[in-house]
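Okay, so here's the structure we're looking at.
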There are 2 protein chains.
Amino acid sequence: MPKLGMEPIRRDALIKATIAEIGAAGSLDVTVSRIARRAGMSSALAHHYFGSKDAMFLAAMRHVLAVYGAEVRGALAVADDPEARARALIRASFTPTSFRREVIAAWLNFYVLAQTRADAARLLAVYQRRLVSNLTHALRPVAGAGARALAEGVAAMVDGVYLREALGAGEPDGRAAARMVEGWLQAQLGVLK
Amino acid sequence: MPKLGMEPIRRDALIKATIAEIGAAGSLDVTVSRIARRAGMSSALAHHYFGSKDAMFLAAMRHVLAVYGAEVRGALAVADDPEARARALIRASFTPTSFRREVIAAWLNFYVLAQTRADAARLLAVYQRRLVSNLTHALRPVAGAGARALAEGVAAMVDGVYLREALGAGEPDGRAAARMVEGWLQAQLGVLK
DNA sequence: GCAGGTTTATTGATTGGTCAATCAACAAAA
DNA sequence: TTTTGTTGATTGACCAATCAATAAACCTGC
């Protein structure tokens, strides 16, 4: 029953299944077989399309980052004044799409991977730089020369709140997390005035 | 050549070797054999003393937290005014003892583990609560009712800066990291006055 | 339109390797 | 002779990656 043009469909299914399995296992200790089964195919086919397990993880993480990037662009598009842009960036990190068990698990494992795998480190660096750069641009009009330092602080705060909320007790609450970071930014901006 | 009273020595050697191996591998994918070899014994002996690989990881993490805890108490002892106490807590998270490749690797893997293993989650919760609680007490005199919120912000900032510094380019710089968090706290306190 | 070759899709079975955990056995102390 | 320390060898399981084989769809040139 081979239909042609399956490649993109299969790749997509595998990427989603990879994220789901990482989420379920809470670690990268997931077998290709399990991922493939969840995606409705044999493990051999998964290897056929991705070549290796590592390549699958990387592709999955690129997908997570792509979704997050889209979220950021979407949020920025509807924000007009500088402060709104900064708040949009903060909130984009905590939307239900990005801030849920599965994706959080992927991120945590991604951090671990970034310590040793150069490609993972590169991918992570792109995310980190982009967040700071976006925040810096957004804050420039209100913070001037201090925008960069402020941006780095907010970026750190985003990651820290993400981590604490993700690993704290109970369901992760993106709304509360975003409010917390926004509150701090507000206070910091207050100092400038 | 069996000498008596080896147990604590062996356990200690294994715990240190575990941290070293995790640091070298950048993940929990280290074999008991490698750890045991580094600690100068057979893998069978490692199992004899710890029972399982997981138990070794947990013991290693408890050790990391114990060292960190000692560092905190030491720093608090020599700080007298509230602000100094808060700064001492911040700096304790970034001392060379705790803020170096090996230990950072252990922490990142610990985060991953805490998602699924109840004992790891419990251990992490203890650390998280203690940091907030210590900060709250330190800040109470200067921040009053707002101490708790301030403490949570600082705690998140500590974790976030830790993460970004740990995974950023170049060697992790604890001094710079601590300065950054202290600066933010300073600014926040400025708002109150 | 269709025989035969090519590409794409797909899998079951196999290979080669790794590793946690156990065990039997030996050795020194108490 | 019981307790403590210690190891080499083994067991049992798991798994990434490869391969041989099957089959549908597409593509010629006639």
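Quick notes
- Percentage relative contact order, the range A:1-132, counting C-alpha pairs under 8 Å, at least six apart: 25 percent
- Dipole magnitude of the protein assembly as shown about its Cα centre (Cβ charges: Lys, Arg +1; Asp, Glu -1), debye to nearest 20: 380 debye
- Inter-part distance where the range A:142-167 and the range A:1-79 are each reduced to a Cα centre, Å: 29 Å
- In the range A:117-193, the convex hull through the Cα atoms has an average projected area of 6.1 nm², a quarter of its surface area.
- Within a Gaussian network of chain B (alpha carbon springs, distance under 10 Å), most fluctuating of B:28, B:123, B:14: B:123
- On the rotation that sends chain B to chain A, the chain B Cβ lying closest to the axis gives residue and distance in whole Å as B:160, 1.
- Distances between copies of residue B:186, taken at a point 7 Å out from Cα along the Cα→Cβ vector and listed shortest first: 2.5 nm.
- Radius 13 Å from Cβ of residue A:55, net charge of other residues (Lys, Arg +1; Asp, Glu -1): +2
- Top positive-direction residue, dipole computed over the protein assembly as shown with Cβ charges, set A:185, B:18, B:95: B:18
- Shape index of chain B: Rg/Rh, with Rg the Cα radius of gyration and Rh the Kirkwood radius from the inverse mean 1/r over Cα pairs, equals 1.04.
- Within chain B, helix-based [θ] at 222 nm, where runs of 4 or more DSSP H residues each add -39,500 (n - 2.57), nearest 500: -26000 deg cm²/dmol
- Cleavage-rule hits, trypsin sites (Lys or Arg not before Pro), the range A:50-154, DSSP coil, Cβ neighbours within 10 Å at most 15: A:100
- At least 18 Å along the helix axis (C-alpha) and Kyte average at least -0.5, DSSP helices within chain A: A:7-25, A:53-77, A:101-114, A:118-143, A:147-167, A:174-192
- For B:150-158, mean number of other protein chain Cβ atoms within 10 Å: 5
- Sorted from nearest, the other copies put their residue B:171 label points 4.6 nm away, the label point being 7 Å from Cα in the direction of Cβ.
- Rounded, prolate or oblate (a/c below 1.5 giving rounded, otherwise prolate when a/b exceeds b/c) for the protein assembly as shown by Cα gyration tensor: oblate
- Positive-end ranking of A:161, A:174, A:137 along the dipole of the range A:106-175, with charges on Cβ about the Cα centre, is headed by A:137.
- Total accessible surface hidden between A and B, rounded to 100 Å², 1.4 Å probe: 2900 Å²
- Spin-label model, residue B:140/residue A:122: points 7 Å from Cα along the beta carbon direction are separated by 5.3 nm.
- Assigned charges on the beta-carbon of Lys, Arg, Asp, Glu; the range A:50-164 dipole about Cα centre (debye): 140 debye
- Model label zone, residue A:129; criterion: amide N under 16 Å from point 7 Å along Cα-to-beta-carbon; scope the range B:137-170: B:167-170
- Overall form of the range A:76-123 per C-alpha gyration tensor (a/c, 1.5; a/b vs b/c): oblate
- Per-copy distances of the residue B:130 label point, shortest first, in nm (7 angstrom along Cα→Cβ): 3.8
- Estimated inter-spin distance, residue A:43 and residue B:179, nm [label 7 Å along Cα→Cβ]: 5.1 nm
- Only one residue of B:36, B:56, B:68 has its Cα farthest out toward the positive end of the dipole of the range B:1-95, where Lys and Arg carry +1 and Asp and Glu -1 on Cβ, and that residue is B:36.
- From the C-alpha gyration tensor of the range A:14-84, square roots of 5λ in Å: 33, 12, 9
The values are calculated or read from the model by the stated rules, or taken from the named source; none is laboratory data. In this text, all values refer to a predicted model and were calculated from it rather than measured experimentally. Positions of Cβ are generated from backbone atoms using ideal geometry, with glycine treated the same way; all protein chains shown enter the neighbour counts. Note: accessible area is taken over every heavy atom of the protein model, side chains too, but ligands, DNA and RNA are not part of it. Shrake-Rupley method; radii C 1.70, N 1.55, O 1.52, S 1.80 Å.
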